[in-house]
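**Q** My questions will all concern the structure given below.
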Amino acid sequence: MSAKTKRSEHRSGNLLICGGRIIDPSQGIDAVGDLFISEGKVAWLSVQKAKPLPDNYYVIEAMGMVVCPGFIDLHCHLRQPGFEEKETIATGTRAAAKGGFTTVCCMPNTNPPVDKAAIVEYIKSIAAKEGMVRVLPIGCITKGREGSELADFGELSVSGAVAFSDDGSPVTDSSIMRRALEYSQESGLPIIDHCEGLAFSQDGVMNEGSLATRLGLKGIPAAAEESMVARDIRLARLAGGRLHIAHVSTAGSVELIRNAKEEGISITAEVTPHHLTLTEEAVVGYNTNAKVNPPLRTAEDVEALVAGLKEGVLDAIATDHAPHTAKDKDCDFTTAAFGISGFETALGSLMGLVHRRKLDLVTLISKLTIEPASILRRTDLGTLKPGAVADVVIFDPDAEWVVNPEQFVSKGKNTPLSGAVLKGKVMATLYGGEIVYKDEGVGLEPASKKKIGVKGG
C-alpha cells in the first residue's frame, strides 16, 4: 500500500506493533517493547512484560525500528483554497502521512486568506472528507493579511483556529501586534509571527554575505529577522500573551529568545529541517529549490540553531512545507518563488543530525511530538499513553534511500535534496489507529498466520 491510497487495509480494529524500540518522551520511555492498539486508541504498551491479547488482531513486526508518537507539524502550507495547482489538502496530507506526520497546522496565506470562520470551516470540511491526517487551521492575525486591522479572533477561535499568524508577511505595525498579543493572553492561543524587517529584506533573495556578493544576488541580512524578533519580545514583555517565533534562522535570534526565556517572557520558537541541515552553499549554481524565506544561512548559524534545539531555547521542529509548481521554480533565481517541499524529506534529513551525533534521537522525537503538542496545549496528542488516540509512526533509523522528487506524493517537487542519500525512513504511519501510509517493506498480517512472541511472554 502506498500513501496514494485514501484509506488503509487496516482500519481501527486491533493491531500489535511488536519488538520495536518504543520512544515516547511524554512518558520518559525508551526501550524495546510492544504497542497494542484497539479501536483507534493506545490500549497498552509493554517494555517489561506481556499483556493480555484478544483473539483477533493484526501484527506489524517492528524489530530494528523506532515506534513513537505521530509527528506534529506546527507550520505548513496546504495551499487550499486558492492555490490548488501547488497543493491540495488531499495531496498535502498524503505527503504528511508519508513523512510520519499525523497532525499538521496549515498557515492562512491562502486565497481567500483564513480571516473568517467560513474559511476555517471550509478547510475543516475538506480535511474531514479528503485528508489523511489531522488538519488544524491557523487563522490570520489581520484581515486579508494586510496588516492594518485585526481579524475577528473570537470568531476564528470558535470555528476551530488553533493559532493566529500572517505567515509570509510580518506584522509590521507594532500597535497591531501588541493588541494581538493582548488577545492571546485572554484566549490562550499563540500568536505566530513571521519575523522579517522589510526595510532590510526588500528585494533580497538569499543570505547577505560574501557568497551573495560573488553570485551577484541581493542579500537578506540576519538583522532582518533579529530586529523583528527583538521587537516582538519587547511587545510580549509589555502586553503579555503567547508569542511564537516562526522558522528561526540566525544565531542572533537564538540568543534573543534565550534571553527572553530567562527573563520569564512567554515565548516559544520553531526551526525547520532545512535551516538545521543546510547552509547558503546550497544556493551555489543558482539552485532555485534552495531559495527559501528566511534564507538558508551560514554554518555558524546552523550550529547555533542545533545548539538552541538541544538546550530547549527552540521548542519545536516545523517543516514550513511550501510546495510550488515547476513553473514557480524553473526560472531565474531572482523571480523564483520562496519555499521548499518538506514533508517527505523531514525525517531523513533530520536523522543526519542524529547519525553525526549532533542531536540525540530522543530529543529529536520530543521536538516533533510532545513539545509541539504542548505549544498547542493538546494533551491528547504527541503521546503513547494508554487511552490516547493512536497516532503512531514507525521508522527505520538506518534505512538509506535516495531522494527522487518525482516520487513525492506532494504536488510540490521543489527540494534542494534531489539525488541526496538520506539515512532514516518512515515505514508506517497510523492516524487514529488506521494505517494511512505503509512502506512496501512493512508486513501486516493477521496474528493467526504468525507465531508472535510478545516481549515477556
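Quick note: the coordinates plus some simple rules give every number you see, no bench work behind them. Everything numeric in this text was worked out from a predicted model, so none of it was measured. Glycine gets a Cβ as well: all are built from the backbone with ideal geometry, and neighbour counts include every protein chain shown.
**Q** How far, in nm, would the chain grow between residue 125 and residue 237 when pulled straight, counting 0.36 nm per residue and subtracting the alpha carbon separation? Don't skip to the answer; put the middle values down first.
**A** Values: separation 112, 0.36 × 112 = 40.32 nm, distance 3.78 nm.
Between residue 125 and residue 237, full extension yields an extra 36.5 nm.
**Q** Another one. Hey, got a sec? Which GluC sites (Glu not before Pro) in region 95-156 land in a DSSP loop and have at most 15 other Cβ atoms within 10 Å?
**A** Details: sites: 121, 130, 146, 149, 155; in loops: 146, 149.
Answer in residue order: 146, 149.
**Q** Take every Cα pair under 8 Å in the chain that's 6+ residues apart, average their separations, divide by the length, and report that relative contact order as a whole percent.
**A** Numbers: 1140 pairs, mean separation 103.2, N = 457.
Relative contact order comes out at 23 percent.
**Q** Given H placed 1.01 Å from N in the peptide plane, which residues other than close sequence neighbours of residue 142 have an amide H under 5 Å from its amide H?
**A** Amide H neighbours of residue 142, under 5 Å, 5+ apart: 147, 151.
**Q** I've got another one for you. How large is the direction-averaged shadow of the alpha-carbon convex hull of region 70-375, in nm²?
**A** Averaged projected hull area, Cα only: 14.0 nm².
**Q** Just from its helices, what would the mean residue ellipticity at 222 nm be for the chain, if runs of 4 or more DSSP H residues each count -39500 (n - 2.57) and the sum is divided by every residue, rounded to the nearest 500 deg cm²/dmol? Could the numbers behind the result be given before it?
**A** Numbers: 14 runs with 132 residues, N = 457.
One gets -8500 deg cm²/dmol as the mean residue ellipticity at 222 nm.
**Q** When the Cα centres of region 124-146 and region 10-85 are compared, how far apart do they sit, in Å?
**A** 25
**Q** According to a simple spin-label model (label point 7 Å from Cα along Cα-to-Cβ), what is the distance in nm between residue 356 and residue 118?
**A** 4.9
**Q** Turning to a different aspect of this structure: At 0.36 nm per residue, minus the direct Cα-Cα distance, what do residue 51 and residue 214 gain on full extension? Give it in nm, one decimal, please. Mind showing how you got there, number by number?
**A** Details: separation 163, 0.36 × 163 = 58.68 nm, distance 6.36 nm.
Result: 52.3 nm gained on full extension.
**Q** Between region 345-394 and region 221-253, how many Å separate their Cα centres?
**A** So the two Cα centres are separated by 25 Å.
**Q** Measure nothing but the geometry: give the 0 to 90° angle between the long axis through the Cα atoms of 174-187 and the longest principal axis through the Cα atoms of the chain, rounded to 10°.
**A** Approximately 30 degrees, to the nearest 10.
**Q** Return the FRET efficiency for the residue pair residue 331, residue 32: r is the Cβ-Cβ distance, R0 is 51 Å, and the value is rounded to the nearest 0.05. Spell out each step's value before the answer.
**A** On the way: r = 50 Å, r/R0 = 0.98.
Here the calculated transfer efficiency is 0.50.
**Q** Can you tell me the orientation of helix 299-311 relative to the chain, as the angle in degrees between its alpha-carbon axis and the longest Cα principal axis, to the nearest 10?
**A** Taking Cα atoms only, the helix is inclined about 50 degrees.
**Q** Further question: Within a 10 angstrom radius of the beta carbon, how do 237, 145, 356 rank from fewest other beta carbons to most? Don't skip to the answer; put the middle values down first.
**A** Working: 237 16, 145 22, 356 10.
Neighbour counts put them in this order, fewest first: 356, 237, 145.
**Q** Just to be sure I understand the model, the point goes 7 Å from the Cα along the line to the Cβ. What's the resulting residue 420 to residue 303 distance in nm?
**A** 2.0
**Q** Now for a different question. Take every DSSP beta bridge with both residues inside the chain and express the antiparallel ones as a percent of the total, to the nearest 5.
**A** 55
**Q** Could I ask something else about it? State, as an integer percentage, the relative contact order of region 274-330 based on alpha-carbon contacts under 8 Å between residues 6 or more apart.
**A** Working: 34 pairs, mean separation 19.9, N = 57.
Reported as a whole number, the value is 35 percent.
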